[in-house]
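Student: Once you've had a glance at the structure underneath, I'll fire off some questions.
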Amino acid sequence: MACDASQPGEVERLFGSLDAGLGAPEIVIYNASYRTRGPLIELDPAEVAKSLAVSAYGGFLVAQQATRRMLPKQHGVILFTGASASVKGYAQSAPFAMGKFALRGLAQSMARELAPSGIHVAHVVIDGGIRSARRLDPADKPDSMLDPAAIAQTFLHLIHQPRSAWAWEIELRPS
């Protein structure tokens with residue numbers, strides 16, 4: 001089911017369809033973002049608003065729906081995908097940094113609020129390019145890109161962490 005994460009009604013319908021089908025999720029991963037780039041004085045305000053709506057507000061909407069379903073069970077995992085921009089802004093990338101900074105703040109706040117209720121919330125900073133069929137490591141720089149399978153292993157590690165040692169944030173970068 002397609003869903004615009006920045007639209008409360010669509011997010012609510014998505015979770016409602018999960019409730020009716022698979023049931024309430026135990027694991028939710030928020031990876032959506034929208035990126036607009038350019039010199040600050042040339043940025044289209046509507047595009048900046050969209051970047052914030054998808055990257056941060058959408059994360060809030062999804063997390064709120066997930067939390068409503070996890071709290072009664074006192075169990076669940078909510079993971080947010082961040083980026084280098086979560087912790088440092090880059091020139092001509094202010095909207096992306098704004099959205100990712102906000103998403104990181106949401107994750108940290110939620111982790112502190114929800115951990116006592118058995119809900120593990122974590123933020124994963126992806127600090128580098130991700131290898132793909134279209135984006136390979138240069139021959140002279142092996143492992144200079146993040147391997148998607150290695151990223152997935154880290155997410156699985158977070159999902160299965162013992163409650164006595166939950167991480168709220170992990171930063172991944174290639175060697």
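Student: Computing the accessible area with a 1.4 Å probe over protein heavy atoms, can you report the carbon and sulfur percentage for the chain?
Tutor: Working: 5360 of 9610 Å².
About 56 percent, which is the carbon plus sulfur part of the accessible surface.
Student: Do any trypsin sites (Lys or Arg not before Pro) in the range 105-175 lie in a loop, going by DSSP, with at most 10 other beta-carbon atoms within 10 Å of their beta carbon, and if so which? Could you put the intermediate results ahead of the total?
Tutor: On the way: sites: 112, 131, 134, 135, 163; in loops: 131, 134.
In loop regions of the range 105-175 (DSSP not H, G, I, E or B), the sparsely surrounded trypsin sites (Lys or Arg not before Pro) are 134.
Student: Shifting gears a bit: Nearest 5 is fine: what % of DSSP beta bridges in the chain come out antiparallel, could you say?
Tutor: Of the beta bridges lying entirely in the chain, close to 5 percent run antiparallel.
Student: Moving on. Each label point is 7 Å from the Cα along the Cα-to-Cβ direction; what then is the distance between the points at residue 73 and residue 42, in nm?
Tutor: Taking the two extended label points, one gets 4.8 nm.
Student: Can I ask one more? Under the Karplus relation 6.51 cos²θ - 1.76 cosθ + 1.60, θ = phi - 60°, what is the ordered set of whole-Hz ³J(HN,Hα) values for the range 110-117, x standing for Gly and Pro?
Tutor: Calculated HN-Hα couplings, in order: 5, 4, 5, 6, 9, 4, x, 9 Hz.
Student: If one computes the Cα centroid of the range 129-175 and of the range 1-59, what distance in Å separates the two points?
Tutor: With the range 129-175 and the range 1-59 each reduced to a Cα centre, they are spaced 23 Å.
Student: Count charges around residue 126 for me, please; just the other residues with Cβ under 14 Å from its Cβ, Lys/Arg as +1, Asp/Glu as -1.
Tutor: +3
Student: Further question: In whole Å, what are the extents of the chain along the principal axes defined by its C-alpha atoms, from largest to smallest?
Tutor: 49, 38, 30
Student: Restricting everything to alpha-carbon atoms, can you work out Rg to Rh for the range 122-163 with a Kirkwood hydrodynamic radius?
Tutor: On the way: Rg = 12.6 Å, Rh = 11.7 Å.
In the range 122-163, Rg relative to Rh is 1.08.
Student: For the range 1-57, what value does the Rg/Rh ratio take when both radii are computed over Cα atoms and Rh is the Kirkwood radius, given to two decimals? Present the calculation step by step, with values, prior to reporting the outcome.
Tutor: Values: Rg = 14.8 Å, Rh = 13.1 Å.
For the range 1-57, the value is 1.13.
Student: Let me ask something else. Run the simple label-point estimate for residue 149 and residue 117 please: 7 Å along Cα→C-beta, distance reported in nm.
Tutor: Distance between label points: 3.8 nm.
Student: Just want the answer: with Cβ charges of +1 for Lys and Arg and -1 for Asp and Glu, which residue in 111, 124, 139 is farthest toward the dipole's positive end in the range 101-175?
Tutor: So the residue we want is 111.
Student: Report the label-to-label distance for residue 88 and residue 157 in nanometres (one decimal), using points 7 Å from each Cα along the Cα→Cβ vector.
Tutor: Result: 2.2 nm between the two label points.
Student: Once the mean 1/r over all distinct Cα pairs of the range 80-145 is inverted, what Kirkwood radius in angstroms do you read off?
Tutor: Working: mean 1/r = 0.0732 Å⁻¹.
When all Cα pairs of the range 80-145 are included, the Kirkwood radius is 13.7 Å.
The values are calculated or read from the model by the stated rules, or taken from the named source; none is laboratory data. None of the values given here were measured: they were computed from a predicted structure. Here Cβ is always computed from backbone atoms with ideal geometry, including for glycine, and neighbour counts include all displayed protein chains. Remember, those area values only see protein heavy atoms, side chains included, never the ligands or the DNA or RNA. Shrake-Rupley method; radii C 1.70, N 1.55, O 1.52, S 1.80 Å.
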